[in-house]
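Okay, so here's the structure we're looking at.
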Amino acid sequence: MASDANHAHNFGHRPRPVATDSTRPFWTAALANDLSLPRCAKCDVIYYPPPPRCPRCLGDRFDWISLSRRGRIAGMTTVHLATIPGVEPPFTMVEIELVEQKGLILTTLLTSEKSAQASVGDPVILEFTEPDPRGVAYPQARATAEVQP
Amino acid sequence: MATSRTSSNDAVAFIGVGSSAITRASDRGIHALALDAAIAAIADAGLERDDIDGYVGAPGATNAGAVHSDGGDEITARTLVESLGITKLAFSVDAHKGFATDMVILGAQALRSKSCKYVLGVRALYRLPDIAYATVAAENAYGIDQFRVPFGATAAGARFASRAQAYLHRSGATRRDLYNVVALARRHARLNPLAIWRDRDVSLDDYLAAPMVASPLGRFDCDMPVCGAAAFVMTTARNMPAITHAPAYLAGTAGWQRPLEIFDNANRTRADIDCWQIYDGFSLMIFEWLERLGWCEADAGWKFIKDGHAERDGRLPLNTFGGSLGEGRMHGIGHLREAILQASGRAGARQLPKASNCLVQVGTFDFSSLLVLSATP
Ligand SMILES: [Zn+2]
């Protein structure tokens, strides 16, 4: 990878998610600080990112459920290059395993002031940003004292 | 693909390889570099361009800032074939996001089905001026990217760095163990005239002082983007031209979801493998595949490197051309080139005393393919 950290961006704001019918409920719920994910009506498995069909049974009937927004850091990295327009480096990307289901991983940014001290295994809570000028609320993670089961 | 299921006339052989120069920036464009490699490979195979009747490419530029321009940062079959003056193609395909190993698998299928007799494969990489190589150059994020791009998961190796941090956390390995991979690559690159890091050893202090890219991966844990191309020519034993050098044979292939089948598919055991060329776009990847292919216990791949087993005189010499970390970011075609040269006894100063069976893996933990190249069918 190159280290063109100081190169000018083409755009000054974060790439805007463009939803489809499979993903729109996630972004709509996000505006109310609600983490809503699809659970297969047949298999009871929750998915992220929201898939068009359940990869297990190939059914397309999902129940959108609200999650606790709690999880633990399964993987993390602090990125020192300006890779995301609108996000100043360094920033910390985390892979969060949500408490509701083993292996249910959501990739987001860690925003707590103490993110530099965070480590794999630490508990976090997901929150959503205030909607930006284009009406998008992005998930982000904040380190917390403990995970509620 | 085991020999028991294949008549010897159908054995797929690599009869030519060629490379352009590899540099960190180039005023010669990707189109010129691809032609350099293709012309060299056809000549090495003892063929004329009119003999080429098959083509496989994998043109995709893989960096977040790619503009995907034909002749800019990618080169397509259509453009390259026309500019090579090839007019007798019976088969040509670009594996859009495929790897060099996938190119081989496609070419072998075309040969075995007798679609064509001589397949040219070309892979070219290019670092464009005036773009931010690792910055997502898009205003919107569509499809699966809407859950990845706004969070930086697709650039600067972030998703691999995140895996690396988790690996260090659970395995007890440290950045010094990642350094061991980088230092090994640099040692092996000494013998590769094409390598951008040839004769550029890196000390532990230099490694630790280098700028962080995506923790725990620093600048030297990431392969350096380059401008360059490499090419190969394949045929079957039945159509072997009069070449003055030995060919290398394709013994078997496998996909990443069932990677351990590579041994049965190649009609070889793990103990038969003399060396391997493993994709090392990021240093940690070496540990993952050492473990996954059963040379090490889970989370113990770092010890294998630390204990010297991957050195030229070790149990399993690794990336004997320096890998991507030593040669530059050729996205796996360098790994394939080295396996062809080792298996055919043509690796020059790098030639291992025993290289009858070379394993090649190109790709990531979640998308990859594998080959065994051999001195005999
Ligand atoms: Zn289901």
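What follows draws every value from the coordinates through simple rules; no lab data is involved. Because the structure is predicted, anything quoted here is derived from the model rather than measured. Positions of Cβ are generated from backbone atoms using ideal geometry, with glycine treated the same way; all protein chains shown enter the neighbour counts.
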Within straight cross-link reach of B:LYS114, meaning Cα distance under 17 Å, which aspartates and glutamates are found once same-chain residues fewer than 8 apart are removed?
-> B:ASP10, B:ASP51, B:ASP53
Positive minus negative residues near A:ILE65 (Lys, Arg vs Asp, Glu; Cβ under 11 Å) = -3
How much net charge surrounds B:ASP199 when only the other residues with a Cβ under 14 Å from the Cβ of B:ASP199 are counted, with Lys and Arg +1 and Asp and Glu -1?
-> +3
Which Cys residues of the protein assembly as shown have no other Cys beta carbon under 4.7 Å away?
-> A:CYS57, B:CYS116, B:CYS222, B:CYS227, B:CYS275, B:CYS296, B:CYS358
In sequence order, what are the phi-derived ³J(HN,Hα) couplings for the stretch B:163-178 according to the Karplus relation 6.51 cos²θ - 1.76 cosθ + 1.60 with θ = phi - 60°, rounded to whole Hz, with x for glycine and proline?
-> 5, 5, 4, 5, 5, 4, 4, 8, 9, x, 5, 10, 4, 4, 6, 5
Calculated FRET efficiency for the pair A:HIS13/A:SER119, C-beta based, R₀ 22 Å, to 0.05 | 0.10
When you take every Cα atom in the stretch B:19-131, what is the radius of gyration, and what is Dmax, the widest Cα pair distance, in Å?
-> 13.8, 45
Taking Lys and Arg as +1 and Asp and Glu as -1, residues besides B:TYR249 with C-beta under 12 Å from its C-beta add up to 0
HN-Hα J in Hz across the stretch B:37-49 - Karplus 6.51, -1.76, 1.60, θ = phi - 60°, x for Gly and Pro | 5, 5, 5, 5, 5, 5, 5, 4, 7, x, 10, 9, 4
With DSSP loop assignment and no more than 14 other C-beta atoms within 10 Å, the GluC sites (Glu not before Pro) in the stretch B:37-87 are B:GLU48
Leaving out same-chain residues fewer than 8 places away, which aspartates and glutamates sit with a Cα under 15 Å from that of B:LYS354?
-> B:ASP272, B:ASP274, B:GLU311, B:ASP313, B:GLU338
Taking a cut-off of 23 Å between Cα atoms, list the lysines near A:LYS102, but don't count ones fewer than 8 places away on the same chain.
-> A:LYS42
Cα coordinate range in the protein assembly as shown, projected on the principal axes (Å, largest first) = 72, 48, 48
Compute the Rg/Rh shape ratio of the stretch A:40-149: radius of gyration over Kirkwood radius, all on alpha-carbon atoms.
-> 1.01
5 angstrom amide H check on B:SER368, placed H, neighbours 5+ away | B:TRP256
Let me see the pair-distance distribution of chain B: every alpha carbon pair, 20 Å bin width, integer percents in order.
-> 31, 60, 10
Label point at B:ARG176 placed 7 Å out along Cα→Cβ; residues across the stretch B:290-318 whose backbone nitrogen lies under 16 Å | B:302-308
Computed over the Cα atoms of the stretch B:94-158, what is the convex hull's projected area averaged over all directions, in nm²?
-> 6.5 nm²
If you take the beta carbon distance between B:LYS114 and A:ALA145 as r and set R0 to 60 Å, what does 1/(1 + (r/R0)^6) give as a FRET efficiency, to the nearest 0.05?
-> 0.35
For the stretch B:271-285, take each phi angle, set θ = phi - 60°, evaluate the Karplus expression 6.51 cos²θ - 1.76 cosθ + 1.60, and give the result in whole Hz per residue in order, putting x for glycine and proline.
-> 5, 6, 6, 8, 7, 9, 10, 10, 4, 9, x, 9, 4, 4, 4
Search the structure for amide H atoms under 5 Å from the amide H of A:PHE62, placed 1.01 Å from N in the peptide plane, and list their residues when 5 or more places away or on another chain.
-> A:ALA41
What FRET efficiency comes out for the pair A:ALA41/B:ALA300, r = Cβ-Cβ distance, R0 = 45 Å, nearest 0.05?
-> 0.60
When the dipole is taken about the Cα centre of chain B, and only Lys, Arg (+1) and Asp, Glu (-1) are charged at their Cβ, what size is it in debye, to the nearest 20?
-> 560 debye
